[in-house]
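The values are calculated or read from the model by the stated rules, or taken from the named source; none is laboratory data. None of the values given here were measured: they were computed from a predicted structure. As a convention, Cβ positions derive from the backbone with ideal geometry for all residues, glycine included, and neighbour counts pool all protein chains shown.
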Amino acid sequence: MKNLLGLLLAGTVACASLSTQQQPDPLDSAEALEDYIEQRYDTWNHGVDVVVLPSAWELPYVAMFNPTFKSIITCAPIIEFLAKDSSLEEVLDRAIPHEIGHSIVHTRYDSLGLERDNSENTARFRYMDFLFRLSVGDERVHPDAIQNFIGTDSTRIEPGIIRYIVDEGLADHYARDDEPERFIWPDWVRIDTYEEFDHLANEYAYAIIEHWLEGQEEEKAIDYILTNAPRRFGEMRDFKKNMQLDLQLRHVEDSLNTALNWSELPGVRLEVTQEEPPRRSVLGTYTPGEERVMRLYLSKIRPYREYSGEFHEVVPLERVAIHEEAHALHDLMAQEELGLERFPDYRPMTDFVNELREKMDTHRRNSPRLRNFIESHTEEFMEYTMLALVSEGMARYTERDGKCNRFTRPVKDRFTMFSTPHMITQYLYDGGCHMVKPFLDLDLEEGMKFLMSNIPPTEFFFDIEGYYSQSQNLLNPR
């Protein structure tokens, strides 16, 4: 769609030699001017009608687009007057493609299901009228009143002006291919003439739209701008950065939605967010039960290095998604086939870990208070830890296609284990994987059902192989 005028004129030049008949002067009549505009700018192919008013009319522009009738309206006497000091083409070659651009923008509004707030447009017109009266020296309008005027209705005036800038800038984006003016962010309350506003709302609008679209996938970025345009002047500076982040998140979500097996995940939602996770080491979470949300924390995934044995490893986004997808599948299996309400449900363990981290921030590691806290909660915590070993172990097994990382066996000292966060985290994931591996290698589905229905007793926390040995006579593989 870029350089709309160039594409339109190319067709005109290509067809020029097909007819040697002398064309009538477009300025002879309103009908002749309509025919000229329709042919030169191929308006019919854009679904736009052209209406040329034959007599003088208070039209504030060379041309304007009427969305109700999807037509471009212009006035023959105005065109004739302007063409005296230049050519007819110079008058129309900027105005008509610009209005065709407005028709394209309007069509995109409709396709996105967006409705305009008429109160915002009304407020913007009141502001423009205020500036016009100020510019012509209306004694009823004082220059110092502009700030108060905006302040009295800023919640509608600012969105109305910004929407106007977006519409004008996008229309120019479709109509022009020249470089926009270099702009600086204006101080809107200091704009005290209609001429200044008109310049900003045209050249500035084109410049800011080109600035926002630079480096973006154009179609998606334009839809984003139309849907999420800033509503206050102060939001305009950071809009491009926020748009880039949001479009990046949407791209990630689209990629993952294609990769994940949603047919096996009824009722499960995926959220990719830039928000900070609930804990520093968390890359993704799955909320079981009725909510069923897989949430991936993009801000933590890219720079994250997962400690595994004696080396550090980059964790790709897709692997985090597969890990949380496994949690969702296990949750659905537990509910539908085993009658378990939530799996995994180790929120009390999470609460314990969070409280433990707070105490570790305020107490020395070997302090009596910290030791007493750990020892007084150990038994209760251990039950949820065994559940976490099974849950995270099965998800890690799925994530790594049945392969488990090497891991350093911890000393059989609960205080040392629980007071060293990275040690317990590694043990839950990699130790858990080794605990569930023999069950799942034997029979994947039956092994999962057995483990979810028979959470290992706490005495097997430091003896993960011993649980498989004891459970062999209980297994009934197909």
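Quick grid of which residues meet (1) at pLDDT 80 or above; (2) touching a strand residue (DSSP E or B) at 6+ places or on another chain (Cβ under 9 Å):
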site: ALA207; (1), (2): yes, no
site: ARG269; (1), (2): yes, yes
site: PRO278; (1), (2): no, yes
site: THR285; (1), (2): yes, yes
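Looking at segment 407-466, the helices (runs of 4 or more DSSP H) lying wholly inside it that each contain 3 or more residues that are at pLDDT 90 or above and surrounded by 15 or more Cβ atoms within 10 Å (Cβ to Cβ) sit at 432-442, 444-453. In this structure, MET394 does not satisfy being within 35 Å of the chain's Cα centre (by Cα), under 30 Å from LEU265 (Cα atoms), modelled with pLDDT under 70 and part of a helix (DSSP H, G or I).
Looking only at segment 38-96, residues that are part of a strand (DSSP E or B) and surrounded by fewer than 20 Cβ atoms within 10 Å (Cβ to Cβ) come to 7 in all.
Residue under question is GLU196, and the condition is that it be loosely packed, with under 14 Cβ neighbours inside 10 Å and not assigned by TED's automatic domain parsing to the domain that holds TYR61; does it hold? No; evaluated as a whole, the condition is false for this residue. Contact annotation: residue pairs with Cβ atoms under 8 Å, 6 or more positions apart or on different chains, pairing a residue in segment 211-230 that is buried (at least 18 other Cβ atoms within 10 Å of the Cβ) with a partner that is outside any helix (DSSP H, G or I) and not basic (Lys, Arg), are LEU226/LEU112; LEU226/LEU114; PRO230/MET236.
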